[in-house]
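My questions all concern the structure below.
Bear in mind that the values in this text are calculations on the coordinates, not laboratory data. Everything quoted here is computed from the prediction, not taken from an experiment. Because the Cβ atoms are built from the backbone with ideal geometry, glycine has one as well, and the counts that use them run over all protein chains shown.
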Amino acid sequence: MTILETILAYKRLEVKQLVEQDACTFPSRQNRPSLFNSLYGGDHLRVIAEIKRASPSKGIIKENVNPVEQAIAYFNAGAACISVLTDERFFKGSYDDLAAVANVVPIPLLCKDFIIHPAQIDRARHAGASVILLIVAALNDSELKYLYTYAKNSGLEVLVEIHDAMELQRALALDAKLIGVNNRDLRSFEVDLARTEEIAALFPFHEHRVLISESGVLCKRDAHRVAKAGAAAILVGEKIMKSDDVTMTIRSLQIDVTEVVR
């Protein structure tokens, strides 16, 4: 089994338990600004800053992080959105982390998980998320369409994650407006920023859509590279989590895209 298949197998067991619970454990939170509107047509590369305790490929990153303190630091540094890992088994996250962050920041809030069931979307919304992630590689076409529509009808924005040209076409078939290129192959967890460039060459920027580059951006040079390809934002976790100066790290990645020649 690939790493993705292993994660999804466990996630199906987890979801069985989740659907037996009350989906409204957490109260709904405040309305938040649109992530799409925050990113579209901006003059700087925006940063979606992630709270990420661990990962299957890197192991423990910062297990004892205080999500409230981390989120406030991200907000004060000018992050456009905060992503919170809620997968417990492989990333050591939780919906409690998401709810705690929702209490202290007013910006868009992304629930980052391997979503395969509407109960997860309900839990994310009630914990305060304004955006959820759907991973094309984890879903067939009917599942993808159903969950996308369910989330949109629930008042959430959806970041649709892809990895290759075929998955881009599946995302476009949904009319997704927020499309993220995961530079990390979820089957092998290998990372290559060329993925963003490859997708950008095929991306319909003229159709009022936003391209986000996810994973592998570690420095200003990397940020410049994906911005040059056309990314409006980057999703960064490990680099910021390990940083001794969150503000400096985030601001160093917010490059002026008007100075980038595509």
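Collect residues whose amide H, placed 1.01 Å from N in the peptide plane, falls under 5 Å from the amide H of residue 87; neighbours closer than 5 in sequence don't count.
93
Hey, could you grab the Kirkwood Rh for the stretch 54-157? Inverse mean 1/r over distinct alpha carbon pairs, Å, one decimal.
14.2 Å
Relative contact order for the stretch 65-151: what is it in percent, counting Cα pairs under 8 Å that are at least 6 residues apart?
Value for the stretch 65-151: 25 percent.
On to the next question. Between residue 180 and residues 5 or more places away or on another chain, which pairs have amide H atoms under 5 Å apart, with H built 1.01 Å from N, and which residues are they?
Here 160, 161, 162, 212 satisfy the definition.
Indicate the gyration tensor shape class of the stretch 123-163 (rounded, prolate or oblate), computed on the Cα atoms with a ≥ b ≥ c the square roots of the eigenvalues: a/c under 1.5 is rounded; otherwise a/b larger than b/c is prolate and the rest oblate.
In terms of gyration-tensor shape, prolate.
Using the basic label-point model (7 angstrom from Cα toward the beta carbon), what is the residue 6 to residue 72 distance in nanometres?
Going from the residue 6 label point to the residue 72 one covers 3.7 nm.
Just the number, please: percent antiparallel of the DSSP beta bridges in the chain, rounded to the nearest 5.
Taking every DSSP beta bridge within the chain, about 10 percent pair in antiparallel fashion.
Once you sort the root eigenvalues of the Cα gyration tensor of the stretch 181-262 as a ≥ b ≥ c, which label holds: rounded (a/c under 1.5), prolate (a/b larger than b/c) or oblate (the other case)? Working shown, then result.
On the way: a/c = 2.15, a/b = 1.21, b/c = 1.77.
Verdict is oblate for the stretch 181-262.
Can you tell me how the stretch 103-262 classifies by the Cα gyration tensor, rounded, prolate or oblate, using a/c under 1.5 as the rounded cut?
oblate
Below 8 Å between Cα atoms, with a sequence gap of 6+, how large is the relative contact order for the stretch 151-252 in percent?
The normalised contact order for the stretch 151-252 reaches 21 percent.
In whole Å, what are the Cα extents of the stretch 1-124 along the three principal axes, biggest one first?
Result for the stretch 1-124: principal-axis Cα extents of 42, 33, 29 Å.
Can you list the aspartates and glutamates whose alpha carbon sits under 12 Å from that of residue 11, skipping same-chain ones fewer than 8 residues off?
Leaving aside aspartates and glutamates fewer than 8 places away in the same chain, those within reach of residue 11 are 87, 88, 113.
Further question on the same structure: Enumerate by residue number the GluC sites (Glu not before Pro) in the stretch 166-202 meeting two conditions: DSSP loop (anything except H, G, I, E, B), and at most 15 other Cβ atoms within 10 Å of the site's Cβ.
The qualifying sites are 190.
Further, regarding this structure: Order the peptides 171-179, 105-113 from the highest to the lowest mean number of other Cβ atoms within 10 Å of their residues.
On the way: 171-179: 19.0, 105-113: 23.0.
So the order, starting with the most tightly packed, is 105-113, 171-179.
With both bridge residues required to lie in the stretch 50-112, what share of the DSSP beta bridges run antiparallel, to the nearest 5%?
Numbers: 2 of 8 bridges.
Given both bridge residues lie in the stretch 50-112, the antiparallel proportion sits at roughly 25 percent.
Taking the Cα centroid of the stretch 98-146 and of the stretch 241-262, what is the distance between the two, rounded to the nearest whole Å?
Cα centres, the stretch 98-146 to the stretch 241-262: 26 Å.
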